[in-house]
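> Here it is: the structure, laid out below.
The values are calculated or read from the model by the stated rules, or taken from the named source; none is laboratory data. Bear in mind that the values here come from a model prediction, so they are computed numbers and not experimental data. Because the Cβ atoms are built from the backbone with ideal geometry, glycine has one as well, and the counts that use them run over all protein chains shown.
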């Protein structure tokens, strides 16, 4: 695991919350001058610690009012079924995340759609039509209690 000094840890925490900060403002928050701050920033990007920046969009404002977690089980784990499923899911815009799981399901999908009709179409006409999909269970999100946030960094603090 890489080692980070206190300036780098604070930089990472700040950037997760306010990714559009100019380097000069970031340097001021860290108590560094601009050049060393920019050097640290560039080093964290080059090391792949800072993977990129993106705008966080409001799904409701974009008409994506239905958020669902979908559990998928496959009929086989051989004959290329998991690989074909993964490739198919990569092409589905409504599936914003997909995880291979242990436990009762093979895959967990995070899905955003505009309405129940779109969800029904996705499940019945898309997911259940993928070769090798045995069953699909949906879990509708009622309330976003704690949305995805910054990654925890406490374990990186020097002891």
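> Starting from region 31-51, take each residue that is more than 15 Å from residue 15 (Cα to Cα) and list its partners that are part of a loop (DSSP other than H, G, I, E, B), counting only C-beta distances under 9 angstrom and pairs at least six apart or across chains.
Here the result reads 47/2, each pair linking region 31-51 to a residue that is part of a loop (DSSP other than H, G, I, E, B).
> Looking at region 69-94 only, could you name the residues that are within 23 Å of residue 144 (Cβ to Cβ), touching a helix residue (DSSP H, G or I) at 6+ places or on another chain (Cβ under 6 Å) and either at pLDDT below 95 or not in a loop (DSSP other than H, G, I, E, B) (or both)?
Answer for region 69-94, where residues must be within 23 Å of residue 144 (Cβ to Cβ), touching a helix residue (DSSP H, G or I) at 6+ places or on another chain (Cβ under 6 Å) and either at pLDDT below 95 or not in a loop (DSSP other than H, G, I, E, B) (or both): there is none.
> Just to be sure, is residue 68 touching a residue at least 24 places away in the same chain (Cβ under 8 Å) and within 30 Å of residue 136 (Cα to Cα)?
Numbers: touching a residue at least 24 places away in the same chain (Cβ under 8 Å): yes; within 30 Å of residue 136 (Cα to Cα): yes.
Judged against the criteria, residue 68 is a match.
> Could you look through region 4-30, keep only residues that are out of contact with any helix residue (DSSP H, G or I) (no Cβ under 8 Å at 6 or more places or on another chain) and part of a loop (DSSP other than H, G, I, E, B), and pick out the one that is modelled with the highest pLDDT?
If we filter region 4-30 for residues that are out of contact with any helix residue (DSSP H, G or I) (no Cβ under 8 Å at 6 or more places or on another chain), which is where we start, we get 5-6, 13, 16-20, 22, 25, 28.
Right, trim to part of a loop (DSSP other than H, G, I, E, B) and you get 5, 18-20, 22.
Values: 5: 91, 18: 91, 19: 90, 20: 90, 22: 94.
So, considering only residues that are out of contact with any helix residue (DSSP H, G or I) (no Cβ under 8 Å at 6 or more places or on another chain) and part of a loop (DSSP other than H, G, I, E, B), the one modelled with the highest pLDDT is 22.
So that you can scan it fast, the table gives a plain yes or no per residue for (1) surrounded by 13 or more Cβ atoms within 10 Å (Cβ to Cβ); (2) assigned by TED's automatic domain parsing to the domain that holds residue 15; (3) more than 25 Å from the chain's Cα centre (by Cα):
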residue: 32; (1), (2), (3): yes, yes, yes
residue: 36; (1), (2), (3): no, yes, yes
residue: 39; (1), (2), (3): no, yes, yes
residue: 42; (1), (2), (3): no, yes, no
residue: 46; (1), (2), (3): no, yes, no
residue: 51; (1), (2), (3): no, yes, no
residue: 73; (1), (2), (3): yes, no, no
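> Something else: For region 55-68, name all the residues that are in contact with a strand residue (DSSP E or B) (Cβ under 7 Å, 6 or more places away or on another chain) and not in a strand (DSSP E or B). First the steps, then the outcome.
To start, the set of residues in region 55-68 that are in contact with a strand residue (DSSP E or B) (Cβ under 7 Å, 6 or more places away or on another chain) comprises 59, 64, 66-68.
Matches in region 55-68: 59, 64.
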